[in-house]
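Below is one structure, written out as structure tokens; the observations come after it.
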Amino acid sequence: MQKRSYFMLGIELYMEDFLPLDIYGELGLRPSECKIPQKEAITLSYKDWRASLERYKNDDSNGIEPQAQHKADEAKEAKIDEAKKIKGFYKIRSKSFEFHSFRKECDRFVARLEKKKKSLLAIKQKHNAFIVLRIYAFINKKDFIRHDSIWLNLSASTSRFCASVNARILTQIKVL
């Protein structure tokens, strides 16, 4: 049985220090996945995302931190690893959709974000955030040649929105 190709969109905010509940309060869009500095990332379900996020936040505030004393070599490695790590992020994803509705769903997702443009710009300035519009493409082998240039199907409104908030557009393709 042939697997079907599908797509998703996501807006991702990468920043140094932040609290996901504060970002939700400012932006008003439920996160799909987020990360607090010094913690592993958490993927949130639709139903109990607030409770999960609250537990995640409280675990961080209760002082779950690495030990203070390390050997000299471990400290150097930790500094290098810490510099490579992304401090925190807040990701919002769309529902999955098929290729025939790609442009329509992109416009719909961006129209939803357009309403939050002032909040996005405020968050970007306040938290020194880096914004990415990511296109997730899960394509079966048979359709790969047909869908390998999906980013060319972005509308002018999507490009204008990304330019106005200085967001990067990335495509992540996985062949099924």
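The values are calculated or read from the model by the stated rules, or taken from the named source; none is laboratory data. Everything numeric in this text was worked out from a predicted model, so none of it was measured. Backbone-built Cβ (ideal geometry, glycine too); neighbour counts: all protein chains shown.
For the range 1-35: of the residues being outside any loop (DSSP other than H, G, I, E, B), of a type in the set (D, E, K, R) and in contact (Cβ under 8 Å) with a residue 24 or more places away in the chain, which is nearest to residue 133 (Cα to Cα)?
Across the range 1-35, the extreme among qualifying residues is 12.
Considering only the range 82-91, I want to know if a residue exists there that is part of a helix (DSSP H, G or I) and modelled with pLDDT of 90 or more.
Checking the range 82-91: not a single residue is part of a helix (DSSP H, G or I) and modelled with pLDDT of 90 or more.
Checking the structure you have, find out if any residue of the range 10-23 is of a type in the set (D, E, K, R), surrounded by fewer than 18 Cβ atoms within 10 Å (Cβ to Cβ) and within 12 Å of the chain's Cα centre (by Cα).
Looking for residues that are of a type in the set (D, E, K, R), surrounded by fewer than 18 Cβ atoms within 10 Å (Cβ to Cβ) and within 12 Å of the chain's Cα centre (by Cα), one finds none in the range 10-23, hence no.
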